[in-house]
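*Asks:* I'd like to ask you about the structure that follows.
The values are calculated or read from the model by the stated rules, or taken from the named source; none is laboratory data. Worth saying up front: this structure is predicted, and the values here are computed from it rather than measured. Here the Cβ positions follow ideal geometry from the backbone for every residue, glycine too, while neighbour counts run over all protein chains shown. All accessible areas refer to the heavy atoms of the entire protein, side chains included, with ligands and DNA or RNA removed. Shrake-Rupley method; radii C 1.70, N 1.55, O 1.52, S 1.80 Å.
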Amino acid sequence: MDSSLCFHDGNITNLINKRYLDVRHDSSHGLQMHSSLVERMALERELEGHQGCVNAIAWNSKGSLLISGSDDTKMNIWSYSSCKLLHSIETGHSANIFCTKFVPETSDDLVVSGAGDAEVRLFHLSHLKGRGREDNAVTPSALFQCHTRRVKKIAVEVGNPHVVWSASEDGTVRQHDFREGASCPPAGSSRQECRNILLDLRCGAKKSLADPPRQLFALKSCDISSTRPHLLIVGGSDAFARLYDRRMLPPLSSSQKKLPPPPCVSYFCPMHLSDSGRTSLHLTHVAFSPNGEEVLLSYSGEHVYLMDVNPAHGSSMSYNSGDVSNLINFAPLPNGIDLQSSVSGIFLNGSSSKRIPATKLEKCKKLIQMAVKSLKEDSNFYYGIEACNEVLDGCRDDIGPLLTFECLCTRASILLKRKWKNDAHMAIRDCHRARKLNSSSFRPLLLIADALSQLGKHKEALEFAIGAQSLAPSDSEVALKVESIKEHIAAAEADKINKANGGESRSDPRAGRVLSLSDILYRSDTNSDASPDGPRSERDDSDDDDELELAFETSISGDEGRDVDPNVLHGSLNLRIHRRGDSTGETGWANGSCGSPTSSQKEKAAYQPEAAIDMKRRYVGHCNVGTDIKQASFLGERGEYIASGSDDGRWFIWEKRTGRLIKMLHGDEAVVNCVQCHPYDCIVATSGIDSTIKIWTPTASVPSLVAGGAAGPETSNVLDAMESNQRRLCRTREAVLPFEFLERFRMHEFTEGSLHPFECTQS
C-alpha cells in the first residue's frame, strides 16, 4: 500500500516527547495498542487444556488471569505471567459453555458460567485450594435454572460483587443477586415463579423499523457500560440492538405472563438494514467502547458496524422509517437525509473557513488520484476505497467541499464496481452526501441510478437517471443509462406477463425444475439479475401471487420440562405449503410472531415507529455466517482499534477511525469466535473451534501491513482471503421458517432434491 496512508496515532517518539511537554498527557494508554505494535502482532503461544471448542474467554480486571469456557463443559483459569493452567473446573453443565466471567471485587475468587443447558452457575475458586490438578469437581456455590433456552452471554457491573446478568435465547435478561439465594427457582417451586426477569423481550423482535415489536426474539449478546453501568445494550435475532437504562425498567418479573417489551432508550441499526425484511438477519455480538460513548455491532451474514451512543442533538445519525424510503426515492432537490455529511469549516460560497496546510492538501489530492487510477484500471478496488476513506475520515476537518465531492463520487464509483456485500448501499449514502455539496451535478444521480439497478430497484433507478438527464441533457452516458433501465423494466414486465400466462420465468433460476424442500424452506439472497446486495429484479414491485408460501404452527416453547436433552428439539411442527394468495395461507400465525394476524394488523396501524441511530463506520473483510457467538471487540484502553473473528480461521484488526484493515492473522484451523484484548498490555487472546487459546503479542521481527514487502505468509494472500469471505457472505440464503426454529438446525443438500437429515448446530 502507498506510504501516503499513515496511521493517526503518531509515532512513539512524538508521544514520549509530548509526555515531557504536557504533564497532563497520558501516553501509557496511547502506547498500549499503538499502530507500530499492532503491525508486529504475532502468535506467541497456545494454551492447551480444553478438549472441545473454546467458546468464551475473558480477562480479570487486573489482567493477571484469563478464564475460558468450552464445549467440554470445563472452565479453565490461566496465569497471565506464566501462561500456565492454574485450575480446571468440572462445572457440571450438561451442554456447551458459551460465556464465562470473573465477578468484580471478589479478589478473583468468584467466577460464573452460562451454557447451552440454560443454566447459570457460580463457583468459588478458593474451594479448589489444596487440591491436585485432577481433583477439579466443585459444587457450584449458586445454581440458577430459571432460563428455558441456551444462555449466550453473561454481563457484570464494574464494582458490583453481588449481581450478574444473563441473556438467553428464551428472550429474557435475568438478574441474579447472590445475596437473595443460592438457587433459582427455590426448591419445590416452578421456574415460572422466579421473579428475576429484568428485561422480557420474548415478543420483542422487529421485522423492520416501522413494524411493532411482536416477533419471537432470541437474545444472543448483552453488555453493561463500564463508565455508566445503568446502561445495558442487548442484541439478538433481529437487526436492531437496543439500549436500556436499567433505572427506568419496570420491577423484576416472572415468566408466568408475557409482558410487552419495555421501551428502550435507543435502537441501533445501519439504515440500509433497518428495512431489509430478512428474517435471518441477526446480531451475534454487541459491545460498549471503553469510554462508553460508542457501541460495536457484529451481524451474522453481514459486517461489523460502529455507532455513537449519544449522537449530537439534531445529528444525522438519528433516522426514522421515512428517511429509509427517502434514500431510494428521487427528489429534485437534496432531501433532509444527512448521513454524516458534516464537512466542518465550509462556507456557502464553497470556500473553506480555515487554511488547509499545503502538505496535507497535496496528500489528499494524491490519495484521490490513486483512487481514480484504480477506478480507471478496474483493479485494486480495495486500496482505492481505502485511499478515499483516508481523505474523508482521516482528513475531513481539513478539506473543502470540492475535494470532498470528488472523493465521495469516486468512492461511490469504486464501490459499485467492487460489488462486495452492501457496497451499493454505501454508494447511495456517499451520493446523497455529494448532492448536498453540489446539487447541480448529474454525477451523484447517475451513480444512485446504477446502485439501485444493482439492488433490483429499477423503477426507482429510472427516476434518478431521468433526474440526471434533466441536469445533463446532452450527455451520452446518461442517455444510455436511461435507455438501459427502461429496457430492463420492459423485459421484467414481459417476463411477468409470460409467467402469468403459464410460461416459465426467464429470471427465475428455479424455473423448469422440481423444487426441493431446501428451495421451499430457504430463498436465496442473490440471483442472476442483481448484485449480491439485492433481491431479484422487480421483486419489491411484484404482485405475483403464484409463488410458494409456507405457513406453520409449532409448539416449540421450551417450557415442557427440564429433564430433556437440550440438543434435541421437542414439540411438533405443522407445515402447510400453498401458493401465495390462497385462502389456506391466511389462517394461523404469521411466521414467528406472537399473537393473531388480526391483532397484528390493528397493532401495526396504531404503532408509532421509533427513531434509530445509524452507523458511522463499517468494517469489512471477515466472514460471519457459521456461528452465532462471533465477537467484535475494541482493542486497547482507548478502543482505537477494532477486531473480529472470522469463519475462515483468521482474525482481523481495523483502525477504528478510518475502517482501514491493518492486520489479518491466522488464528484457528476452522473459525475464530472470540477476540479479547488484555486490559493494560498489548496482548490479545483468541479462541474458536480449536481446543486451544492463542496468545498474540507484538513480537514479530519486522512490522507488516496487510500488504507490503514485509508481509509474512499469514497476510500475503489478504485480498484473496477477503474476496473469498465476501463471496461466502453473498451466498447466504434467507430462511422462510422463523429464526427460532431454524437456528437449531443446519440443512445440507446431496444431489438435486435430496437432503441430509437435519443436523444440530454447535452454536
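*Asks:* Residues of the stretch 265-280 with the amide nitrogen closer than 20 Å to a label point 7 Å from the Cα of residue 329, along Cα-to-Cβ, please.
*Replies:* Correct set: 271-277.
*Asks:* Show me, for the stretch 258-273, the HN-Hα J-couplings you get by feeding each phi into the Karplus relation (A = 6.51, B = -1.76, C = 1.60, θ = phi - 60°), rounded to Hz, glycine and proline as x.
*Replies:* With coefficients 6.51, -1.76 and 1.60, one gets 7, 8, x, x, x, x, 9, 6, 8, 9, 10, 6, x, 4, 6, 9 Hz.
*Asks:* Further question: Fully extended, how many nm does the chain gain between residue 727 and residue 377 (0.36 nm per residue separation, minus their Cα-Cα distance)?
*Replies:* Taking residue 727 through residue 377 to full extension adds about 123.8 nm, to one decimal.
*Asks:* Does the stretch 426-474 come out rounded, prolate or oblate, given a ≥ b ≥ c as the square roots of the eigenvalues of its C-alpha gyration tensor, rounded meaning a/c under 1.5 and, failing that, prolate meaning a/b above b/c?
*Replies:* Oblate shape, in that a/c is at least 1.5 and b/c is the bigger or equal ratio.
*Asks:* To the nearest µm²/s, what D does Stokes-Einstein give for the stretch 378-434 at 25 °C and 0.890 mPa s, using the Kirkwood radius over alpha carbon pairs as Rh?
*Replies:* 218
*Asks:* If I model the stretch 91-243 as equal point scatterers sitting on the Cα atoms and use the Debye formula, what is log10 I(q)/I(0) at q = 0.11, 0.19, 0.21 Å⁻¹?
*Replies:* Results for the stretch 91-243 at q = 0.11, 0.19, 0.21 Å⁻¹ read -0.44, -1.18, -1.37.
*Asks:* Return the long-range amide H neighbours of residue 42 (sequence gap of 5 or more, or a different chain), with a cut-off of under 5 Å between placed amide H atoms.
*Replies:* Those qualifying (amide H under 5 Å, at least 5 residues apart or on another chain) are 697, 699, 700.
*Asks:* Further question: Need one word for the stretch 26-146: rounded, prolate or oblate. Basis is the Cα gyration tensor (sqrt eigenvalues a ≥ b ≥ c); a/c below 1.5 gives rounded, then a/b vs b/c decides.
*Replies:* Because a/c hits 1.5 or more and a/b exceeds b/c, the stretch 26-146 counts as prolate.
*Asks:* If you take the beta carbon distance between residue 486 and residue 179 as r and set R0 to 51 Å, what does 1/(1 + (r/R0)^6) give as a FRET efficiency, to the nearest 0.05?
*Replies:* About 0.10, to the nearest 0.05.
*Asks:* For residue 476 and residue 139, compute 0.36 nm times the residue count separating them, minus their Cα-Cα distance, and round to one decimal in nm.
*Replies:* Taking 0.36 nm per residue and subtracting the Cα distance, the gain is 113.5 nm.
*Asks:* Average the reciprocal distances over every distinct pair of alpha-carbons in the stretch 141-231, invert the result, and give the Kirkwood radius in Å.
*Replies:* Radius from the Kirkwood sum: 14.2 Å.
*Asks:* Please list, in chain and number order, the residues 5+ apart from residue 162 or on another chain whose amide H is under 5 Å from its amide H, with Hs placed from the backbone.
*Replies:* For residue 162, no residues qualify.
*Asks:* Restricting everything to alpha-carbon atoms, can you work out Rg to Rh for the stretch 609-670 with a Kirkwood hydrodynamic radius?
*Replies:* 1.03
*Asks:* Sticking with this structure for a sec: Report the extension gain between residue 82 and residue 608 in nm, rounded to one decimal, defined as 0.36 nm multiplied by the number of residues separating them, less their alpha carbon distance.
*Replies:* 183.7 nm
*Asks:* Largest first, how would 379, 476, 166 line up by accessible area (1.4 Å probe)?
*Replies:* Largest to smallest exposure gives the sequence 476, 379, 166.
*Asks:* Out of residues 5 or more away from residue 118 or on other chains, whose amide H comes under 5 Å of its own, with H placed 1.01 Å from N in the peptide plane?
*Replies:* Those qualifying (amide H under 5 Å, at least 5 residues apart or on another chain) are 151.
*Asks:* In the neighborhood of residue 249, defined by Cβ-to-Cβ distances under 14 Å, what is the net charge if each Lys or Arg adds +1 and each Asp or Glu adds -1?
*Replies:* In short, +3.
*Asks:* Can you give the direction-averaged projected area of the convex hull of the alpha-carbon atoms in the stretch 211-300, in nm²?
*Replies:* 6.2
*Asks:* Distance check, please: which entries in 417/663; 84/656; 419/616; 373/616 exceed 22 angstrom between their Cα atoms?
*Replies:* Those over the limit are 417/663; 84/656; 373/616.
*Asks:* I would also like to ask the following. So for 81, 168, 280, what's the accessible-area order with a 1.4 Å probe, most first?
*Replies:* 81, 280, 168
*Asks:* Now for a separate question. How much solvent-accessible surface does residue 227 expose, in Å² to the nearest 10, with a 1.4 Å probe and all protein chains in place?
*Replies:* Accessible area, nearest 10 Å²: 70 Å².
*Asks:* Within 10 Å, count the other beta carbons around each residue, average over each peptide in 39-45, 610-616, and list them highest first.
*Replies:* Going by the mean number of other Cβ atoms within 10 Å, highest first, we get 610-616, 39-45.
*Asks:* Let me ask something additional. How high is the relative contact order of the stretch 360-424? Use alpha-carbon pairs under 8 Å, at least six apart in sequence, and give a whole percent.
*Replies:* In percent, rounded to a whole number, it is 35.
*Asks:* Please give the peptides 438-449, 214-225 ranked by average Cβ packing (other Cβ atoms within 10 Å per residue), highest first, as a rough proxy for protection.
*Replies:* For the peptides 438-449, 214-225, the packing ranking is 214-225, 438-449.
*Asks:* OK, next. Quick one: what are the phi-derived ³J(HN,Hα) couplings along the stretch 651-663, Karplus 6.51/-1.76/1.60 with θ = phi - 60°, whole Hz, x for glycine and proline?
*Replies:* Those phi angles translate into 9, 10, 10, 10, 6, 4, 5, 10, x, 6, 6, 9, 8 Hz.
*Asks:* Residue-wise, which Karplus ³J(HN,Hα) couplings in Hz belong to the stretch 244-256, taking 6.51 cos²θ - 1.76 cosθ + 1.60, θ = phi - 60°, and x for glycine or proline?
*Replies:* 10, 9, 4, 5, 9, 7, x, x, 4, 10, 9, 9, 5
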